[in-house]
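> There's a structure below that I have some questions on.
The values are calculated or read from the model by the stated rules, or taken from the named source; none is laboratory data. What you see is a predicted model; the values in this text were computed from it and never measured. When we count neighbours, we look across all protein chains shown, and the Cβ atoms used for this are built from the backbone with ideal geometry, even at glycine. All accessible areas refer to the heavy atoms of the entire protein, side chains included, with ligands and DNA or RNA removed. Shrake-Rupley method; radii C 1.70, N 1.55, O 1.52, S 1.80 Å.
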Amino acid sequence: MIKDKKYLYIALIPFLLSMALNFPFPDAAPYGETLVSVFDISVRTENGINFIGIVSLLLLILSLYLLSKSLNKYKVRMSLLAILIAIFTPPYVVKSIQKTFATGIYAVSYESEESTCSFEKNNATTLNAICELPFENYSDKSVDFNVEFKNLDSFPLESIMNSHAPYKVKLEGSERRVVKIETSVDVSKLKIQLDSGEVAGFNLIIKSGGKSRKL
């Protein structure tokens, strides 16, 4: 089945680099974006083009081309298998790392797609907010951390909820829990009129001991 082992070995290099750039840890964003942000380099153009995504895709295409060159049969099957590995392996590896090696906030997962915040005006200036945030601690030790909210373009979530941030959260070892945060916020200076609303699937920043993660 293998025609040229040299091409097969070389194909692993761009394939692994592509997976590394898309690795969703320690933040929810791909590791490539987290790494580039350290050097204060923009990963997106004004038109929303993602450089990291493009580079990752080109590396994957290159690896598939080299893989095809290394085989004398089953080229389509192996290429499809490689694509499936690239898509489904990173989340599995992240969960394995959190269950075995990670400690502190690095062992904490957050299900952003299951998160919700509801808002209702109590009077002319006060808005009541209730947020439900699903967390899981994969380590066997308790974890204390602070929670802040990230901005949503379609809703002034950050300006509302971060008025009283950070919010303290404690998870016991191996605990999975929906953390409920309730607060009242002065919205008299809010630029938009808001009587009630609900948002779901938003991102957070968790911090502990000088370390932080964007989830």
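> Quick one: residue 191 ticks every box in (1) in a loop (DSSP other than H, G, I, E, B); (2) in contact with a helix residue (DSSP H, G or I) (Cβ under 9 Å, 6 or more places away or on another chain); (3) at pLDDT 90 or above except a single one, so which number is it?
It fails just one condition, (3).
Here's the yes/no breakdown for (1) basic (Lys, Arg); (2) modelled with pLDDT of 90 or more:
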site: 91; (1), (2): no, no
site: 95; (1), (2): yes, no
site: 112; (1), (2): no, no
site: 117; (1), (2): no, no
site: 125; (1), (2): no, no
site: 128; (1), (2): no, no
site: 141; (1), (2): yes, yes
site: 150; (1), (2): yes, no
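> Identify the single condition in (1) without any contact (Cβ under 8 Å) to a residue 60 or more places away in the chain; (2) out of contact with any Lys or Arg (no Cβ under 8 Å at 6 or more places or on another chain) that residue 68 does not satisfy, given that it satisfies every other one.
Answer for residue 68: the failing condition is (2).
> Among the residues of the range 85-113, write down those that are open to solvent by 90 Å² or more (accessible area, probe 1.4 Å) and without any contact (Cβ under 8 Å) to a residue 24 or more places away in the chain.
Those that are open to solvent by 90 Å² or more (accessible area, probe 1.4 Å) and without any contact (Cβ under 8 Å) to a residue 24 or more places away in the chain: 87, 88, 92, 100, 101.
> For the range 106-143, which residues satisfy the criterion of being of a type in the set (D, E, K, R) and either closer than 16 Å to residue 201 by Cβ or over 16 Å from the mean Cα position of the chain (by Cα) (or both)?
Answer for the range 106-143, where residues must be of a type in the set (D, E, K, R) and either closer than 16 Å to residue 201 by Cβ or over 16 Å from the mean Cα position of the chain (by Cα) (or both): 111, 113, 114, 120, 121, 132, 140, 141.
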